[in-house]
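See below for the structure under consideration.
Computed from the coordinates by the stated procedures, all read-outs in this text should not be read as laboratory data. This structure is a prediction, so every number in the text was calculated from the model and none was measured. As a convention, Cβ positions derive from the backbone with ideal geometry for all residues, glycine included, and neighbour counts pool all protein chains shown.
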Amino acid sequence: MKSISKIAGACLLAALMACAALAQRPRVADSTSDPADAPPPAPSTVKAKYEGGVFGYNQKQDGTLTFDDANNRLLFRNKQGKEMLSIPYASVLSTFADTQARRPTAASVIGSAVPYGLGLPALLFKKKYRYLTLQFEDQDTRVSGVTSFKMENKEVLASVVNTLANKAGLTQRGEVFVRLRPKQQMASASDSSIIRVDDRVAADREPIAGGVLNGKAISLPKPVYPREARDAKVTGPVTVQVIIDEQGNVTSAKAVSGDPLLQEAAVTAARAAKFSPTTLSGQPLKVSGAITYNFELQ
């Protein structure tokens, strides 16, 4: 009887150990994306506010954005329905959804108009603004820049970004859609650095059209190719968003696209960059923009 009990106990112990081993096996995450996660196609026309950035069109204004598929372009009309500007799909280099939190003008006025302390709730209130941001390059004039359009809400913004990326033939890299270039056209990181300026400054300041920063770089250090990335034969572009102060120094740098093995090197190089100050009517401006580094193994 005791032998039977021992055998039963041993079998039970073995079964428990097998269950524990199965429970400790690593679980493989499903890497396939669910098509249901993709936002729905955007309407052919959506409400938008042009925020500046296109050469020759500095005035911000409300209107509509239209996917003009007949002419393969993104078209902006003002509130009167007049065509103001357009960007060909083929000229779009990258696009992404941008969110900024800032105090509405009314909240700032309320917070400053009452005795100290009573206006703190108004000063703490911030509203989120959603922007369609895109980098472009005119294929005829080679004039390039960054522009943005304020959208009504995040759902509309997500649909517009995804639809524009599909129509322009862009590839998703994290939260950014980029246009991939043939490998044979890629040069070294220092030779292919593309400098562009966004027309919006930091979130605590009003947007000021800054134009294009190409040619304003005083010093643009070459990134150091990470050994781990080199050993893994990782190549490709990395885009870094930067904020440049009134003296031309980079005060903030954040990678928004590119392989994770290359991002830290690109950010380090961007932080060391130096630019000529951007001015408007003789006054130095704080501007934001993007630096794209192309990494290639020789």
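Just a few scattered comments:
- Listed by Cβ neighbour count within 10 Å, with the fewest neighbours leading, 233, 167, 128 appear as 233, 128, 167.
- The ranking of 228, 51 from fewest to most other beta carbons within 10 Å of each one's beta carbon is 228, 51.
- Over 21 Å between alpha carbons, listed pairs 222/254; 60/82; 47/154; 82/167; 150/274; 128/167: 82/167; 150/274; 128/167
- Rough spin-label spacing in nm, given labels placed 7 Å along Cα→Cβ, for residue 71 and residue 154: 3.5
- The label point for residue 128 and the one for residue 224, both projected 7 Å from the Cα toward the Cβ, are 3.8 nm apart.
- Theoretical gain in end-to-end length, residue 44 to residue 217 [0.36 nm per residue, Cα-Cα removed]: 58.4 nm
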